[in-house]
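Each remark here refers to the structure printed beneath this line.
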Amino acid sequence: MRNILPSAAFVGLAVLVLAAGAASAQAVRTDDSRNASRTGWMSISEIVAKVEGQGHKVHEIEIDDGVYEVKAIDANGMRVEADLDPTTGEPLRGWKQDD
């Protein structure tokens, strides 16, 4: 009897671990499907490198409405912002002063 109880507890724990793993795998698939529309996008690190290569110091990057929204400090110390094309990293409407 002593050997059956620990074995049952082990099997129960294994089932919980497997169930948790399946739930995690589902979450990964969901995330992948959301990111599928971002095929061809530059990575955030590539965007940072490109913007900083143009003399800006990146302060914040967000993804919103299908573009990268970047807030930065320009070479003159001014706070600026721009929406960047996610595939080229180019500003869609130029840089403007950030209020």
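Sub-6 Å Cβ pairs linking a first residue in region 39-66 that is small (G, A, S) to a second residue that is modelled with pLDDT under 95, at least 6 apart or interchain, are G55/A75, ordered by first then second residue. Name every residue in region 52-75 that is loosely packed, with under 15 Cβ neighbours inside 10 Å, at negative phi and either outside any strand (DSSP E or B) or touching a Ser or Thr at 6+ places or on another chain (Cβ under 8 Å) (or both), in order of residue number. The answer is E52, G53, Q54, A75.
For region 76-99, the set of residues classified as assigned to a strand (DSSP E or B) and either open to solvent by 80 Å² or more (accessible area, probe 1.4 Å) or touching a residue at least 24 places away in the same chain (Cβ under 8 Å) (or both) consists of R79, V80, L84, K96, Q97, listed by residue number.
When the test is whether a residue is at pLDDT below 95 and either loosely packed, with under 12 Cβ neighbours inside 10 Å or within 24 Å of the chain's Cα centre (by Cα) (or both), L16 passes it. Scanning for something at pLDDT 95 or above and among the hydrophobic types (A, V, I, L, M, F, W, C), does region 20-35 turn up at least one residue? Checking region 20-35: not a single residue is at pLDDT 95 or above and among the hydrophobic types (A, V, I, L, M, F, W, C).
The values are calculated or read from the model by the stated rules, or taken from the named source; none is laboratory data. None of these values were measured; they are calculated from a predicted model. Here the Cβ is made from the backbone with ideal geometry for all residues, glycine too, and neighbour counts use every protein chain on show. The area values use the complete protein model at the heavy-atom level, side chains included, leaving out ligands, DNA and RNA. Shrake-Rupley method; radii C 1.70, N 1.55, O 1.52, S 1.80 Å.
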